[in-house]
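Chemist: So that we are looking at the same thing, I have put the structure below in structure tokens.
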Amino acid sequence: MPFPTTSYILLGMLSSQEVSGYDLKQQLDKSLYPCYESPAKSQIYGELRRLTQQGWTTVTEVPQTHRPDKRVYRITPAGLTALRQWLASPDVEPDSFKSPLLLRLFFGHLLPHDVLSARLETRQQQMTKELSACEETERDLRNQLQAPQANAECLHALLLIRFRINTLRAAITWTDDAVEQLTRWEKDNSPKAMRAGV
């Protein structure tokens, strides 16, 4: 049975550190968003067990005071080989895309256009806020790249955040156009406009 993308995400994170499932989830929520949806906690723990059974990771029980013991995972040489093979594979699947907002637009005929426009404008405000945060991250990464100790990981992170920035800018522009077209349609197809056109 082939391993899902989540397995290789976890192997990639474990390639530079040994870490618990809980800490993996926290790190993925913060770092993975420019390129992939962060796996659910249940997915992470299920895949970690599977990777350990496969021999691609090992797990160590770490005692903690006043808390349950922590299970810390480490990638094995076999796991690193599997990760590198997956990364180098020419079979890159198409990007997947899910948008609750566009799903509402798909069924938009069931909503008044002013309600639909309001949802678009709300999402636009969220994207504008995210864009501002991404641009700040971009500035930080560019500064880091100027340092003598800068490494390729910093460049890769910059490229990812640039992709996200360009995507957000395109989405914000699209949203402006969508709201304008919905407003124009509502105006042109109002009862008063329809009577005037008769």
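Chemist: Would you mind ranking Phe3, Phe106 so that the residue whose beta carbon has the fewest other beta carbons within 10 Å leads the list?
Modeler: Least crowded to most crowded, the residues run Phe106, Phe3.
Chemist: Sticking with this one: Under a Cβ-only charge scheme (Lys and Arg +1, Asp and Glu -1), can you give me the dipole magnitude of the chain about the Cα centre, in debye to the nearest 20? Could the numbers behind the result be given before it?
Modeler: Values: 24 positive and 23 negative charges, 71 e Å.
It comes to approximately 340 debye.
Chemist: Given Cβ point charges of +1 (Lys, Arg) and -1 (Asp, Glu) and nothing else, what value in debye, to the nearest 20, does the dipole of region 55-95 about its Cα centre take?
Modeler: On the way: 5 positive and 5 negative charges, 70 e Å.
Dipole magnitude for region 55-95 comes out near 340 debye.
Chemist: While we're here: Counting other Cβ atoms within 10 Å of each Cβ, which GluC sites (Glu not before Pro) in region 17-86 have at most 14 and sit in a DSSP loop?
Modeler: On the way: sites: Glu18, Glu37, Glu47, Glu61; in loops: Glu18, Glu37.
Of the GluC sites (Glu not before Pro), the ones in loops of region 17-86 whose Cβ has at most 14 other Cβ atoms within 10 Å are Glu37.
Chemist: While we're looking at this one, here's another question. Using the Cα centre of the chain as origin and beta-carbon charges of +1 (Lys, Arg) and -1 (Asp, Glu), tell me which of Ser132, Leu10, Leu87 is placed farthest towards the positive end of the dipole.
Modeler: The listed residue farthest towards the positive side: Leu10.
Chemist: Under a Cβ-only charge scheme (Lys and Arg +1, Asp and Glu -1), can you give me the dipole magnitude of region 5-88 about the Cα centre, in debye to the nearest 20? Show your work: numbers first, answer last.
Modeler: Working: 10 positive and 7 negative charges, 15 e Å.
The dipole magnitude comes to about 80 debye.
Chemist: Also: Does region 5-88 come out rounded, prolate or oblate, given a ≥ b ≥ c as the square roots of the eigenvalues of its C-alpha gyration tensor, rounded meaning a/c under 1.5 and, failing that, prolate meaning a/b above b/c?
Modeler: Verdict is oblate for region 5-88.
Chemist: Only counting other Cβ atoms within 10 Å, I'd like Phe107, Phe163 sorted with the fewest neighbours first.
Modeler: Fewest-to-most ranking of Phe107, Phe163: Phe107, Phe163.
Chemist: Sequence gap at least 6, Cα distance under 8 Å: using those rules, report the relative contact order of region 1-48 to the nearest whole percent.
Modeler: 48
Chemist: Once the dipole of region 100-190 is set up with Lys and Arg at +1 and Asp and Glu at -1 on Cβ about the Cα centre, which of Gln144, His109, Thr183 lies farthest towards its positive end?
Modeler: Of the listed residues, the answer is Gln144.
Chemist: Relative to the longest principal axis of the chain, what angle (0 to 90°, nearest 10) does the C-alpha long axis of helix 41-54 take?
Modeler: Value to nearest ten degrees: 40.
Chemist: Just add up the charged neighbours of Val72: K/R +1, D/E -1, any other residue whose Cβ is under 10 Å from the Cβ of Val72.
Modeler: Numbers: positive: Lys70, Arg71, Arg74; negative: Glu18, Asp23, Glu61, Asp69.
Summing Lys/Arg as +1 and Asp/Glu as -1 gives -1.
Chemist: Whole angstrom only: what separates the Cα centroid of region 1-46 from the Cα centroid of region 90-165?
Modeler: Value for the Cα centre distance between the two parts: 20 Å.
Values in this text are rule-based calculations from the coordinates and carry no lab data. Nothing here was measured: the structure is a model prediction, and the numbers come from that model. Neighbour counts run over all protein chains shown; Cβ positions are idealised from the backbone, glycine included.
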